[in-house]
Amino acid sequence: MMSRVLRFIRLPLLLLVIYAVGRFALGANGVPYAPRGNAMFSIVGLTAISCVYFGALSRRVGGFGWGGTALVGYSIGLFGQILIFLATWLSYAAGIETSYFRHWDALNVPEGTVVPMGTAMMARVGGLVIGPILTAVIPALIGRLLSALAPEPASS
């Protein structure tokens, strides 16, 4: 089942990689995080939208049951969180101060706080556990509920 899920979600996984690279490049090149820089390549936003769409398509196109739909969402969400974790680690390891992955707002701390690497990585570990459920499984299941609006597969 996992190989079927991974084949089904290839497009959102590729888009997540593109967004992570774009987000990292923005931060590395000094593009300000706020007011608009953060919204250009939102990994969490892309994850949620991809999960709604692929959750809706999971039954008719993917042939998955409810458990398969949850696995589709979880897989997309976990991949996105792994990218965030790795980009945060790389930002600290490479000493890139302006990276979007170590900005105080991205780490949910008070404005202007400089977050040490250990604290940031612990926050990202929390994201690895909670993130796929909140930002991915729930939207995928909502998409599945809305699947009546999804197109029928083309008949041959």
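The values are calculated or read from the model by the stated rules, or taken from the named source; none is laboratory data. Quick caveat: nothing in here was measured; it's all calculated off a predicted structure. For neighbour counting, all protein chains shown are included, and Cβ atoms are generated from backbone atoms with ideal geometry for every residue, glycine included.
Just a few scattered comments:
- Tabulated pairs, the range 19-30, first within 8 Å of Ser99 (Cα to Cα), second loosely packed, with under 14 Cβ neighbours inside 10 Å and not charged (D, E, K, R), C-beta under 7 angstrom, 6+ apart or interchain: Leu26/Met40
- Hits in the range 1-40 - residues which are modelled with pLDDT of 90 or more and part of a loop (DSSP other than H, G, I, E, B): Ile9
- Of all the residues in the range 22-41, those that are of a type in the set (A, V, I, L, M, F, W, C) and over 25 Å from Gly55 (Cα atoms) number 6.
- Members of the range 89-119 found to be surrounded by 14 or more Cβ atoms within 10 Å (Cβ to Cβ) and among the small types (Gly, Ala, Ser), listed by number: Ser91, Ser99, Ala106
- Residues (over 15 Å from Val44 (Cβ atoms) and either touching a His at 6+ places or on another chain (Cβ under 7 Å) or outside any helix (DSSP H, G or I) (or both)) located in the range 104-131: Trp104, Val109, Pro110, Glu111, Gly112, Thr113, Val114, Val115, Pro116
- Residue in the range 67-88 that is touching a residue at least 40 places away in the same chain (Cβ under 8 Å), in a helix (DSSP H, G or I), in contact with a Phe, Trp or Tyr (Cβ under 8 Å, 6 or more places away or on another chain) and farther than 21 Å from Ser42 by Cβ present: yes
- Looking across the range 72-83, the residues that are among the aliphatic types (A, V, I, L, M) and surrounded by fewer than 22 Cβ atoms within 10 Å (Cβ to Cβ) come down to Leu78, Ile82, Leu83.
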